[in-house]
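To start, the structure under review is shown below, and the notes come after it.
The values are calculated or read from the model by the stated rules, or taken from the named source; none is laboratory data. Quantities reported herein were computed from a predicted structural model and do not represent experimental measurements. Cβ atoms come from the backbone with ideal geometry, glycine included; neighbour counts cover every protein chain shown.
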Amino acid sequence: MIKVIVKKRANGDLIAEAKKGRKTVGMLQAISKNRKLTVVMSEVDPEYRGQGVHNKMVLRVLESEKPKRVEIITVANSVLEQWARKYGFKEESRDRYGKIFAHTNSEELAKKIERRLRE
């Protein structure tokens, strides 16, 4: 079973770590400020991809923060871009950091992820 632990730093950064036993199988970094959550990095061990690890990390962060708005910043990360599109994120702009996808209803997003995890 994969367990996700979310740690919040004093500066508002969040680190979600997915573990199977003692092994770290995924990490997600996000910034939480003014009820806006920005996911800036996510990685899952190739051996565990396709098993819902990323979904579990995002859902756990959403549960802990309850943001009004969620953004995903992608920098040459096609897997994260595909994930954002799958859950209804809309591309908002491009800047020197890459694409920014935004989803304004975090409750709806959490429900979509929960349904997908049950499949």
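So Ala10 ticks every box in (1) of a type in the set (A, V, I, L, M); (2) outside any strand (DSSP E or B); (3) touching a residue at least 40 places away in the same chain (Cβ under 8 Å) but one. Which box is left unticked?
It is condition (3) that Ala10 fails.
Quick one: which of Glu91, Glu63 is without any contact (Cβ under 8 Å) to a residue 12 or more places away in the chain and out of contact with any Gly (no Cβ under 9 Å at 6 or more places or on another chain)?
Answer to the check: Glu91.
In the list Glu92, Glu108, which residue meets the criterion of being acidic (Asp, Glu) and modelled with pLDDT of 80 or more?
Numbers: Glu92 fails: modelled with pLDDT of 80 or more.
Criteria check complete, one pass: Glu108.
So if I check each of Gly50, Gly12, which one is at pLDDT 85 or above and at positive phi? Can you show your working first?
Working: Gly12 fails: at pLDDT 85 or above.
Selected residue: Gly50, the only one of Gly50, Gly12 that is at pLDDT 85 or above and at positive phi.
What number of residues within the range 21-60 are farther than 19 Å from Gln82 by Cβ, of a type outside the set (A, V, I, L, M, F, W, C) and touching a helix residue (DSSP H, G or I) at 6+ places or on another chain (Cβ under 7 Å)?
Number satisfying all stated conditions: 1.
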